[in-house]
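The values are calculated or read from the model by the stated rules, or taken from the named source; none is laboratory data. Just so we're clear, the structure is a prediction, and the values are computed from it rather than from any experiment. No Cβ is skipped: glycine too gets one built from the backbone with ideal geometry, and neighbour counts run over all protein chains shown. The protein model used for the area step is the full one, side chains on, heavy atoms only, and it has no ligands, DNA or RNA in it. Shrake-Rupley method; radii C 1.70, N 1.55, O 1.52, S 1.80 Å.
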Amino acid sequence: MGDLLLVRHGETEWSLSGRHTSRTDLPLTQHGEEQAKSLAPLLSVRPHALVLTSPLGRAVRTAELAGLTGAVPEADLHEWDYGGYEGVTTADIHRTRPGWDLWTDGVPADEDGRPGESPQEVGRRADRV
């Protein structure tokens, strides 16, 4: 049996500033592109039978730059939907909800009423993959 390798997308402006990012499809920063490229030598010596990515551009681009050809976008690999906390930092959340923890407290709906995901929902997506 083979190995399962997980690669997170390279840096974006929001990951750099600590803002929660899910639906907002931000591009990689220059540093994020360099991070992705730095994986190519490590990954090129490992054969792969299947490469799946989130459908978001930052994940697809990371795979491309890392030399992972033939990547298949998989909707269930989309990042955690942060709902009303999309684009908000944990520090900002703690100003109104001290002690907030994503894993136990979850996220509120956004201003349009679109709910974020619970840990259980994210877990079910991961289980399907």
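Per residue, the range 48-122 exposes 55 Å² of accessible surface when a 1.4 Å probe is rolled over the protein heavy atoms with every protein chain present. Among the trypsin sites (Lys or Arg not before Pro) in the range 47-129, none is located in a DSSP loop while being surrounded by at most 11 other Cβ atoms within 10 Å of its own Cβ. Per atom type, the chain shows carbon and sulfur on 55% of its accessible surface, probed at 1.4 Å. Charged side chains reduced to their Cβ positions (Lys and Arg at +1, Asp and Glu at -1) give the chain a dipole of some 300 debye around its Cα centre. Between Arg23 and Asp92, the modelled label-to-label distance comes to 1.6 nm, taking each label 7 Å out from Cα in the direction of the beta carbon. Expressed as an acute angle from 0 to 90° and rounded to the nearest 10, what is the orientation of the C-alpha long axis of helix 119-128 relative to the principal long axis of the chain? For 119-128 against the chain, the angle is about 20 degrees.
Once you order the gyration tensor axes a ≥ b ≥ c over the Cα atoms, which shape class does the chain get: rounded for a/c under 1.5, otherwise prolate or oblate by comparing a/b with b/c? The shape class here is prolate.
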